[in-house]
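S.K.: This is the structure I have questions about; it appears just below.
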Amino acid sequence: MSTHAEAEELVDTLENVSLFKIGLRLFLAGDLYGLVRRIREKRHGGIFIDLKMAGDISNTITDFVDHASKLGIRFVTLAESRDDVFTRHSLAAGRKARGTNRFPQFLMVPLLSSLTPANFGRPDLSAEDYILERGREMLAAGCDGLIVSGAAIGACRAAFGSEVTLVSPGVRPEWAGADDHQRFTTPVEAIRLGADYLVVGRPIRNARHPREAAQRVIDEVDRELQPGLPGPESGDA
């Protein structure tokens with residue numbers, strides 16, 4: 001979706017969802033502050049601002065984090081750089097601005113789910129090994145969590161423990177297509193591997209009935225977390 005009106009209509013429809021991700025398209029639609037404020041008025045859950053902000057001067061990052069904290073933003077993404085000076089600078093400024101507040105947490109992407117290590121001249125590494133290498137560097141620099149998909153979820157959970165927040169994109173229920181993701185999982189697989197949060201976009205947004213599609217995902221996860229719940233009812237999302 002590319003307009004705030006479409007986004008707000010979807011938020012109204014998805015009354016069974018409490019955490020929403022806002023990306024670059026909606027940022028370019030203007031008045032991101034107003035959109036976030038209106039969504040927060042509708043929902044008491046969280047908002048994930050996924051702009052993958054590049055490094056900037058400390059004052060700019062401080063101002064952004066200060067606004068994000070006041071708006072109750074749960075997560076923001078910061079862009080990582082192979083030049084770790086930029087990565088470390090952004091994270092240091094962000095953590096200083098956040099102070100003693102718990103949120104926003106800073107997430108970083110070791111490897112986009114549409115790419116492979118070969119895209120970075122590292123065909124010798126598996127995706128999981130590359131993600132572990134970059135993830136370790138990002139966490140050491142001060143980020144709070146990682147955005148990882150596929151088998152890398154389990155590898156990161158095993159390597160970095162329970163304190164690191166893992167957000168998993170590329171989540172595709174069995175009834176949805178893979179789209180452009182090289183690495184993807186079903187909702188249940190992602191939970192089993194150790195994901196804390198699931199990013200499910202197009203399978204819900206493009207469904208004939210978005211609320212019902214979201215509920216199918218929620219029910220799948222609930223049955224994994226609470227064995228013994230009844231199976232899904234038949235229906236077309």
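A short reminder: the numbers here are calculations on the coordinates, not readings from a lab. All values reported here derive from a predicted model rather than from experimental measurement. Please note: Cβ atoms are built from the backbone with ideal geometry, for glycine as well, and neighbour counts cover all protein chains shown.
S.K.: How big is the charge dipole of the chain about its Cα centre, in debye rounded to the nearest 20, if each Lys and Arg gets +1 on its Cβ and each Asp and Glu gets -1 on its Cβ?
M.R.: For the chain, the charge dipole is close to 540 debye.
S.K.: Which one is right for this structure if percent of Cα pairs over 27 Å apart is calculated from it: (i) 50; (ii) 36; (iii) 43?
M.R.: (ii)
S.K.: At 4 °C and 1.567 mPa s, grab the translational diffusion coefficient of the range 43-173 from Stokes-Einstein with a Kirkwood Rh over Cα pairs, rounded to a whole number in µm² per second.
M.R.: Here the translational diffusion coefficient equals 85 µm²/s.
S.K.: Still on this model: So if a site counts as exposed when it's one of the GluC sites (Glu not before Pro), its DSSP state isn't H, G, I, E or B, and it has at most 11 other Cβ atoms within 10 Å, what's the longest stretch of the chain without one?
M.R.: The reported range is 16-162.
S.K.: Using 15 Å as the cut-off for backbone N distance, which residues of the range 21-35 belong to the label zone defined by a point 7 Å from the Cα of residue 70 along Cα→Cβ?
M.R.: In the range 21-35, the label zone of residue 70 (backbone N under 15 Å from the point 7 Å along Cα→Cβ) covers 32-35.
S.K.: Now, a different point. Just report the Cα centroid separation between the range 1-64 and the range 102-178, whole Å.
M.R.: Using only Cα atoms, the two centres lie 22 Å from each other.
S.K.: Same structure again: Could you tell me the relative contact order of the chain? Use alpha-carbon pairs under 8 Å, at least six residues apart, and round to a whole percent.
M.R.: Here the relative contact order equals 14 percent.
S.K.: Follow-up question, since we're still on this one. Could you work out how much longer the chain between residue 196 and residue 225 gets when fully extended? Use 0.36 nm per residue separation minus the Cα distance between them, nm to one decimal.
M.R.: Value of the extension gain: 9.2 nm.
S.K.: Hey, which lysines would be in cross-link range of residue 96, C-alpha to C-alpha under 23 Å, not counting anything within fewer than 8 residues on its own chain?
M.R.: Of all the lysines, those that pass the test against residue 96 - Cα under 23 Å, at least 8 places apart if same chain - are 52, 70.
S.K.: Among all stretches of the chain without exposed trypsin sites (Lys or Arg not before Pro) (DSSP loop, at most 11 other Cβ atoms within 10 Å), which one is longest?
M.R.: 103-207
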